[in-house]
Structures are given as structure tokens and as C-alpha cells.
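Enquirer: My questions all concern the structure below.
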Amino acid sequence: MKRREFILLIGGAATAWPLAVRAQGINRPRVGYLFTSEKAEGQGLWEACRQGLRELGYKEGENIILEPRWTEGHQEQLPSLVKELLGLNVAVLVTAATPASLAAKAATNTTPIVFVAVADPVSVGPVASLARPGSNVTGLSLLTSDLSGKRLELLREIVHNISRVAILMNPDNPSNTIFLEQTQLAAQKLGIALDASNARSPMMLKKPSQLLRPSTLTLLSCSTILCCGATGSKSYRLLQRKGFRPCMATVTSLMPVV
């Protein structure tokens, strides 16, 4: 996913409904952002969005108003945050990750929604098809589920005698269920055993023995909470100190820099 493609999509959505905005007497369109991560973790993406909009001529506070909201790791707050943003009469609602996108779609069929980082938007529900999203929803898809088999192949190239892989996933993200299913199919073909565990926050990794067996050879994570920015890096370092050998994450920024 290229940053500029994402910004162009948002900028296009912000200007695609000018008549509705003008009819409300709004000179500065208000754009709502909904993040499922903690603010500190998603700060890089948020700053990239703001910078990209500035490059396209949108000046915050002058010709556009930005309204970011963060769940701070509490996804049960998504419905109330969506309601709050819709109450502000936003012209566009930008949602990051699957849970936020589904919460937004469930709340409105009129306000334009632009999602980002949804692994399989057709299967989990935000859009009818990739070619024709339909309704008021569009966005950018990730190929994380389609690459499940390739990740295991790469792990086997890195660790030649690999026989067992542990997977940490956040069960609150429906995309991770698809990820797990595809990974299981690939593992059967490759003769690799999987140990799948659920973890909703990095706090659960303080006692990793309750989640994973130390004998597990490698770790593959698809959790959008555990492996996001600095928190993800800290989680991997903690597991390394506990005797696990993390090898791969779904996004490069999730791994610690060594």
C-alpha cells in the first residue's frame, strides 16, 4: 500500500460529494478518522495522512477540518466513536483496519466511508466486490490472507528444519480468522504444525507460557493490536527474552529493529 494512493483516495472522497457539502453551507469539509490502535502506535500513519493532504492543497483548519478518534485498544468503543463522528456531520469517514470499517458500515449507509488495511473486504463484509464496492464504502485492501502460504514458505527457507509455528492473533479482528484459515491450509501442504493463540493486548504476553509453548520453533503474528508500531516491537522483544524465536510479522514495521 502506497501512502500517496491512500491520500489520493481520501482526497477524492472528500471532494466527490461537493453538492451535499455546499447544501449544508459548509465551506470546510470535515473528515473523520477512526483508528483501532492506540494513538502512540498509529501516530506515524496519522502524520502521513496530514502531510499527504497538505501536499494536495488541504490546509488543516483553513479548507478542511480533521477529526481523529482512537480506541486506545478498547474496540468496544467503536460504535460510540462512530456515532460521535457522524454527529459531527463529517463529509467522509476514514476507517483503519477491519473492526473500525465494519462498525462504520453498520452505522451509516449514506456518509462516504474510505477504509484502509482491511485484509479481505469482500469476505468480511465492507464491500460487495473489489471491482464494484457498491453502497457508500470504498477503500484499499491488503493481501495478507492471500500471502499466508508464502509466509510459511519463507519461514521454511529461513529455518530449514521448521516443524511447528505459533500464531498470535487478535480474535476481535474478523480478518484474522480468514488469515488463520488460509495459513492452516498452507501448513497442511507444507507439513507444518500450527499452534494458534488469541491475545487481545500486549499485556497478555507478560506470561507467554500461558499462550505459547516454549518448544514452538517460530512465531508468526497477524494481530493488529499486538503487532503495531512500538508496542509490537516491545511484544516481540519480550517473547525473545522468554525463549521464543519470533521470525515474521504481516507488516515490516511490526518487527523490532536489531
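None of the figures in this text is laboratory data; all of them are computed from the coordinates on show. In this text, all values refer to a predicted model and were calculated from it rather than measured experimentally. Glycine gets a Cβ as well: all are built from the backbone with ideal geometry, and neighbour counts include every protein chain shown.
Enquirer: Give me the distance in nm between label points sitting 7 Å out from Cα along the Cα-to-Cβ direction at His160 and Asn63, one decimal.
Expert: Distance between label points: 6.0 nm.
Enquirer: If neighbour count is taken as other Cβ atoms inside 10 Å, put His160, His74 in order from fewest to most.
Expert: Ordered from fewest to most neighbouring Cβ atoms within 10 Å, His160, His74 come out as His160, His74.
Enquirer: For Ile65, enumerate residues with amide H under 5 Å from its amide H, sequence gap 5+ or separate chain, H modeled in the peptide plane.
Expert: It is Arg30, Val31, by chain and number.
Enquirer: How many angstrom lie between the C-alpha centres of region 123-157 and region 31-50?
Expert: 21 Å
Enquirer: Run down the aspartates and glutamates and flag those whose C-alpha is under 14 Å from the C-alpha of Lys39, throwing out any fewer than 8 positions away in its chain.
Expert: Glu47, Glu67, Glu72
Enquirer: Work out from phi, with θ = phi - 60° and the Karplus expression 6.51 cos²θ - 1.76 cosθ + 1.60, the ³J(HN,Hα) of each residue of region 185-194, listed in order in whole Hz, and give x for Gly and Pro.
Expert: Taking θ as phi minus 60°, the curve returns 4, 5, 5, 4, 5, 8, x, 10, 7, 10 Hz for region 185-194.
Enquirer: Let me ask something additional. Tell me, what HN-Hα J-couplings in whole Hz come from the Karplus equation 6.51 cos²θ - 1.76 cosθ + 1.60 at θ = phi - 60° for each residue of region 108-117, using x for Gly and Pro?
Expert: Coupling constants for region 108-117: 8, 10, 10, 5, x, 10, 10, 9, 9, 6 Hz.
Enquirer: Could I ask something else about it? Under 5 Å between amide hydrogens, which residues at least 5 positions from Leu194 or on another chain qualify, with H placed 1.01 Å from N in the peptide plane?
Expert: Val165
Enquirer: For Lys150, give me every one of the aspartates and glutamates with a C-alpha distance below 20 angstrom, ignoring sequence neighbours fewer than eight places off in its own chain.
Expert: Answer for Lys150, where 20 Å is the Cα cut-off: Asp120, Glu181, Asp195, listed by chain and number.
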